[in-house]
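Report on one structure; see the data block that follows.
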Ligand code: GLU
């Protein structure tokens, strides 16, 4: 334990590509620990077994390491309060659930998913927010025992006060008051014995001695459930800080439809991690114009968690580009710059894989930049006219681009085989030849109709870069459709 005793954490759920929002919350916690001489730890929250995968976990850890956000304890390095992956802690939660049952703070619920769906349906029809109606709250102990003995499926829910409100002070939002009757009787232990996020999160924060919980504002409404659990267990609650979400320029919640949100997109394009941290860190400090260029030490010195805005952090890519340019020009020595370029080119085996594919397709080495340069480019500068050589009319090209985009999101593991299989399936579904479907994709992904094999190129570029290129291609082609 450090002198300050401050312990904070980032608790990602490995259910998708590492998001810049995770880096934003992680950076806040990291700076908070640095400022207070405390400890920053990492815990994997994989209680949603259907959506969590080990591959995503590895990606989250790699992405946060790339950002330079080092943790003191975590699933990869262990620590005194481990294990740091909730699925590995599964058996630790059961006694706490039992304690709540014994104290009368929780109850067993036997309601079937069908009944719950009907209940929600009628609540919705009556214009009420869906919420458990408490049917199993009054079951007698004998009935619970006999239904369990008969092997009925059961979950454990927490009891919620029926009157009054939960009042607390949030480090960002100030005084908050949420009426108890708007709080659901949250499931704590699921039918398969796994805890829900709420249960595991509170128990782990307590056992891991977390003093400050800083996370996204989407969790603010869950605080009453968490506070109640702390009270039920008789534990001190941490200080809560709910950070405003990052937003697109139009103020909507940052989404990959409008902005690339994956950390891997920014590393693939050659953003410097320090510049990305600098950009995100500016949301947590007050500085005058002209003082924006800051490294991690400077950020932590100026870090000002007392004065955060509730307005939302606008993810302004132009500002990020500007900062990134300044980092490259002003902060990197010639040597460092060279080393970074080489590391970046080698990332994800990009350079080697590109060369492997190019060898059989060139007669002079000087043809390489034209053939394989798209693997390294940040922007292809696609124009509507680039699609003119494709036989399909613009309407069909647009239809293909728009159909393929959501389908590529369904791929679990992004590699040559899975990409090919998915594109074949799309072609079948659309009743088109594969050749017709891949022609516009070729241009969208490489900028040219003569380049390296498509599936391999897509695998090398990575999903987040391909996603962005297809989006830009669809915009270019839409202009063609519109102008006819
Ligand atoms: N696993 C949650 C998430 O990924 C963490 C929320 C929290 O920090 O409590 O958003």
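Numbers at a glance
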{"item": "Test: residue 21 is within 19 Å of the chain's Cα centre (by Cα), within 14 Å of the ligand (Cβ to nearest atom) and assigned to a helix (DSSP H, G or I)", "result": "yes"}
{"item": "Matching helices (runs of 4 or more DSSP H) fully within the range 291-404 where at least 2 residues are under 32 Å from the mean Cα position of the chain (by Cα)", "result": "296-302, 317-326, 334-346, 350-358"}
{"item": "Any hit, the range 168-175, residues being within 25 Å of residue 73 (Cβ to Cβ) and within 16 Å of the ligand (Cβ to nearest atom)", "result": "yes"}
{"item": "Residues located in the range 413-433, provided they are assigned to a helix (DSSP H, G or I) and under 22 Å from residue 462 (Cβ atoms)", "result": "416, 417, 418, 419, 420, 421, 422, 423, 424, 425, 426"}
{"item": "Residue that is surrounded by the most Cβ atoms within 10 Å (Cβ to Cβ) [pool: residues in the range 342-364 that are without any contact (Cβ under 8 Å) to a residue 40 or more places away in the chain and over 15 Å from residue 452 (Cα atoms)]", "result": "345"}
{"item": "Any hit, the range 150-161, residues being within 29 Å of residue 411 (Cβ to Cβ) and touching a strand residue (DSSP E or B) at 6+ places or on another chain (Cβ under 6 Å)", "result": "no"}
{"item": "Residues located in the range 212-255, provided they are within 16 Å of the ligand (Cβ to nearest atom), within 21 Å of residue 318 (Cα to Cα) and touching a residue at least 24 places away in the same chain (Cβ under 8 Å)", "result": "244, 245, 246, 254"}
{"item": "Test: residue in the range 157-170 that is over 30 Å from residue 44 (Cβ atoms), modelled with pLDDT of 95 or more and assigned to a strand (DSSP E or B)", "result": "yes"}
{"item": "Neighbours by Cβ (under 6 Å, 6+ apart or cross-chain): first from the range 192-211, within 15 Å of residue 83 (Cβ to Cβ); second in a helix (DSSP H, G or I) and within 12 Å of the ligand (Cβ to nearest atom)", "result": "200/86"}
{"item": "For residue 47: the one exception among (1) under 20 Å from residue 301 (Cβ atoms); (2) more than 12 Å from the chain's Cα centre (by Cα); (3) within 11 Å of the ligand (Cβ to nearest atom)", "result": "(1)"}
{"item": "Top-ranked residue of the range 97-110 - restricted to ones that are outside any helix (DSSP H, G or I) and more than 32 Å from the chain's Cα centre (by Cα), ranked as nearest to residue 226 (Cα to Cα)", "result": "105"}
{"item": "The range 221-251: number of residues that are outside any helix (DSSP H, G or I) and either closer than 23 Å to residue 33 by Cα or modelled with pLDDT under 95 (or both)", "result": "17"}
{"item": "Conditions (1) within 16 Å of the ligand (Cβ to nearest atom); (2) touching a helix residue (DSSP H, G or I) at 6+ places or on another chain (Cβ under 7 Å); (3) part of a loop (DSSP other than H, G, I, E, B); number of the one not met by residue 76", "result": "(1)"}
{"item": "Failed item, numbered, when residue 5 is tested on (1) in a loop (DSSP other than H, G, I, E, B); (2) on the phi < 0 side of the Ramachandran plot; (3) modelled with pLDDT under 95; (4) surrounded by fewer than 18 Cβ atoms within 10 Å (Cβ to Cβ)", "result": "(2)"}
{"item": "Hey, residue 54 within 12 Å of the ligand (Cβ to nearest atom) and either more than 14 Å from the chain's Cα centre (by Cα) or modelled with pLDDT of 95 or more (or both) or not", "result": "no"}
{"item": "Residues (in contact with a strand residue (DSSP E or B) (Cβ under 6 Å, 6 or more places away or on another chain), at negative phi and not in a strand (DSSP E or B)) located in the range 206-220", "result": "210, 211, 217, 220"}
{"item": "Residue list for the range 196-210, restricted to those being more than 21 Å from the chain's Cα centre (by Cα) and either near the ligand (Cβ under 8 Å from one of its atoms) or surrounded by fewer than 17 Cβ atoms within 10 Å (Cβ to Cβ) (or both)", "result": "207, 209"}
{"item": "Hits in the range 221-233 (condition: surrounded by 18 or more Cβ atoms within 10 Å (Cβ to Cβ) and within 21 Å of the chain's Cα centre (by Cα))", "result": "222, 223"}
{"item": "Filter result for residue 178 (modelled with pLDDT of 95 or more, more than 14 Å from the ligand (Cβ to nearest atom) and either assigned to a helix (DSSP H, G or I) or more than 23 Å from the chain's Cα centre (by Cα) (or both))", "result": "yes"}
{"item": "Qualifying positions in the range 33-55 - in a helix (DSSP H, G or I) and surrounded by 22 or more Cβ atoms within 10 Å (Cβ to Cβ)", "result": "33"}
{"item": "Residue selected from the range 3-12 under the condition within 11 Å of the ligand (Cβ to nearest atom) and touching a residue at least 60 places away in the same chain (Cβ under 8 Å), by the criterion farthest from residue 264 (Cα to Cα)", "result": "8"}
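The values are calculated or read from the model by the stated rules, or taken from the named source; none is laboratory data. Fair warning: this is a prediction, and the values are worked out from it, not measured in the lab. Quick reminder, even Gly has a Cβ in these numbers, built from the backbone with ideal geometry, and neighbours come from all protein chains shown.
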